[in-house]
Amino acid sequence: LIKQASRFDCSGMLLPLILVVVALVRQVHACVDFPSWADINRLSCGEYVLRQFCTSNGTVGPGWGIDIDSLAIFAIDGVSATTACCGCGGGSSSACVHDSD
C-alpha cells in the first residue's frame, strides 16, 4: 500500500485525492450561522463580518470602534455574535440549529 501511494504520488494522483478528501471533510464540518440571529441593533452575522466587528477567534475586530472590549453587550436573549456567527468564532457545525423565535 505504501509503494502504491508513492507511485500515485509521483504521477500526481495523490494530491487531487487528498484535496477531495479535505473538501469532503470541510463540507461535513461546515460552520452554519444561527438562523435569523441579529443583535439588539438588528445587525446580522453577515454585517458583523462585513464591518469587521469580530474575528474568527471570537474577539473584537478592527471595525468595532468602541472602547468596550466585548460583543456581549449587543447580545439578544443572551446570544452574542461570538456564539451565533461562524465569522465571530461561534456558529454551529450542524444545519439543525434551532431558531430562537
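Things worth noting here:
- Ranked by how many other beta carbons lie within 10 Å on average, peptides 83-89, 73-79 from highest: 83-89, 73-79
- Distance between modelled label sites at Arg51 and Cys31, nm, 7 Å Cα→Cβ extension: 1.9
Rule-based calculations on the coordinates, nothing more; no lab input. Bear in mind the structure is a predicted one, so any value in this text is a computation, not a measurement. Every residue, glycine among them, receives a Cβ derived from its backbone with ideal geometry; neighbour counts consider all protein chains shown.
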